[in-house]
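The values are calculated or read from the model by the stated rules, or taken from the named source; none is laboratory data. Remember, predicted model here, so these are calculated numbers, not experimental data. Because the Cβ atoms are built from the backbone with ideal geometry, glycine has one as well, and the counts that use them run over all protein chains shown.
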Amino acid sequence: MSSFDYDLFVIGAGSGGVRASRMAASKFGKRVAVAEDLHLGGTCVNVGCVPKKLMVYASHYSEDFHEARGFGWTVGDSSFDWKTLIANKDKEISRLNGIYENLLSNAGVDLVEGRATVVDAHTVEVAGKRYSAEKILVAVGGWPMVPDIPGKEHVITSNEAFYLADLPKRVIVVGGGYIAVEFAGIFNGLGSQVTQLYRGPLFLRGFDQDVREFLAGEMRKKEIDLRFDSNIASVEKTDSGLLATLEDGSTLEADVIMYATGRAPKVDGLGLEQAGVEMRGNGAVVINDDFQTSVPSIYALGDVTDRIQLTPVAIAEAMILVHNLYGGEGRKMDYSDIPTAVFSQPNIGTVGLTEEEARKKYGEVVIYKSEFRPMKHTLSGSDERTLMKLIVDKASDRVVGLHMVGPDAGEITQGMGIAIKAGATKADFDATIGIHPTSAEEFVTMREPVSS
């Protein structure tokens, strides 16, 4: 037996930490402990993907009720109760917390409650008690950032948005990433008056330009007040709510101001620097291709490394790490062609390269694009439209980028992601019979390029 208390001590019971703990204990028989100072499941389960998706569902019913009339349904008076949504959401999250606890317990993992501190290369301290481990895994995730402006104490982040006592009538969402876009749609759909501010000329930096422009147009149709090249200089609490003074001197009033301006690795007080672990300026833990830090016995994965901040990525990294550490394998994480979705309204689904990235990498590309009114809306009366786009490397005919804005874009893109990952060509897409009538069939029926 090893002289250490544990073979592996994991700090953080989020998606990556839980998967690594379970696999090391149940599959490879290792002695494992995991420390968590908040709730099991991490950001995704508690204040991220899961509750957010539930709230997206809730916010879309207002449109569903309205659109049902075109199909002959008479919908009576309807009203929305925020407290009921939050209570039911909390109940579901509590259920999931219990599932995570059982998964860890059944795998033989010891759960240590409290904030862990790394003492040295083989020692972790939690609530005054020290534990020794042959290897330490840091999987603490990230935490929302708010810029240091006057009045920042009056604003909230996505963390607090899930627990508001009441639905605010007027909301300002600050930020241009996927969290900001999603919450703008959530609050708008539930009945709030929403203004979204972004300091740059167009939100969703890093996404395909056509996707960014198309979504902005669709969100404005839903009466979300998008203001680009705009930012808050200060916030003041007043008798009627909050007064935001913008950098151009203009003002906006709101009941809630939510910042979604980025997330930072949650490393404060973790003791990594004192233990000799190399970190970047933003707190991200520096790792090699094997998730190993500058201290050979300490590893890190997930959002704390600030690579790709997606739950499935952290889970995949965890599986590779454990197989390599305890299975003697030499697996490497492939970060290319990772499908992702933004649960905006309408949704975004994307996999592969943007047009801009493809032109830079391949030079000559062929672009196929389709914009249309979905079949549902021929009767619903909605003017919402869908965008689909394929980017093809001209030399190889391989589809190197696929993008969609429209209902169920995430569901559709998940399946298309397999084709992209497998190296499907445009000829493969053309040879695939479409499912009719669906929106997805458009991806296999686009024949005429729009540009090259």
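Here are some notes:
- Of all residues in the range 307-317, those being touching a residue at least 60 places away in the same chain (Cβ under 8 Å) and charged (D, E, K, R) number 1.
- I257 meets each of the listed conditions (1) in contact (Cβ under 8 Å) with a residue 60 or more places away in the chain; (2) in contact with a Ser or Thr (Cβ under 9 Å, 6 or more places away or on another chain); (3) in the same structural domain as A233 (by TED's automatic domain parsing) apart from (2).
- Sole residue being surrounded by 18 or more Cβ atoms within 10 Å (Cβ to Cβ), within 24 Å of the chain's Cα centre (by Cα) and either of a type in the set (S, T, N, Q) or assigned to a helix (DSSP H, G or I) (or both), chosen from V45, V10: V45
Results for (1) farther than 28 Å from Y57 by Cβ; (2) surrounded by fewer than 16 Cβ atoms within 10 Å (Cβ to Cβ), shown as yes or no for each residue.
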residue	(1), (2)
M319	yes, no
E364	yes, yes
K369	yes, no
M388	no, no
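- Taking the criterion of being in contact with a Gly (Cβ under 8 Å, 6 or more places away or on another chain), in a helix (DSSP H, G or I) and either farther than 30 Å from A139 by Cα or not β-branched (V, I, T) (or both), the residues of the range 48-60 that qualify are A58, S59, H60.
- Number of the condition not met by P144 [criteria: (1) in contact with a Lys or Arg (Cβ under 8 Å, 6 or more places away or on another chain); (2) more than 24 Å from K52 (Cβ to Cβ); (3) touching a residue at least 60 places away in the same chain (Cβ under 8 Å)]: (2)
- Neighbours by Cβ (under 9 Å, 6+ apart or cross-chain): first from the range 48-65, within 24 Å of G177 (Cα to Cα); second in a helix (DSSP H, G or I) and among the aromatic types (F, W, Y): K52/F183; M55/F183; S59/F187
- Taken residue by residue, the range 103-123 has at least one member that is within 30 Å of V342 (Cβ to Cβ), assigned to a helix (DSSP H, G or I) and in the same structural domain as E317 (by TED's automatic domain parsing).
- If you go through the range 189-202 and keep only what is crowded, with 20+ Cβ neighbours inside 10 Å and in contact with a helix residue (DSSP H, G or I) (Cβ under 6 Å, 6 or more places away or on another chain), you end up with G189, L190, V194, Q196.
- Members of the range 20-42 that are charged (D, E, K, R) and crowded, with 24+ Cβ neighbours inside 10 Å: E36
- Close Cβ contacts (under 9 Å, 6 or more residues apart or on different chains) running from residues in the range 412-438 that are within 11 Å of P339 (Cα to Cα) to residues that are of a type in the set (K, R) comprise I420/R398.
- Across the range 219-229, the number of residues qualifying as at negative phi and surrounded by fewer than 20 Cβ atoms within 10 Å (Cβ to Cβ) comes to 6.
- Residues (among the polar types (S, T, N, Q) and either free of Cβ contacts under 8 Å to residues at least 40 places away in the same chain or not in a helix (DSSP H, G or I) (or both)) located in the range 87-102: N88, S94, N102
- Within this structure, S78 passes the test of being exposed (fewer than 13 other Cβ atoms within 10 Å of the Cβ), modelled with pLDDT under 95 and more than 25 Å from L270 (Cβ to Cβ).
- Residue check: R69 meets all listed conditions (1) closer than 20 Å to V267 by Cα; (2) not assigned by TED's automatic domain parsing to the domain that holds S234 but one, namely (1).
- Set P339, P296, P374: member being in contact with a Gly (Cβ under 6 Å, 6 or more places away or on another chain) and farther than 16 Å from G141 by Cα: P339
- Among residues of the range 124-145, those that are in contact with a Ser or Thr (Cβ under 8 Å, 6 or more places away or on another chain), in a loop (DSSP other than H, G, I, E, B) and buried (at least 16 other Cβ atoms within 10 Å of the Cβ), counted: 1
- Residues located in the range 239-261, provided they are part of a loop (DSSP other than H, G, I, E, B) and surrounded by fewer than 17 Cβ atoms within 10 Å (Cβ to Cβ): D239, S240, E247, D248, G249, S250
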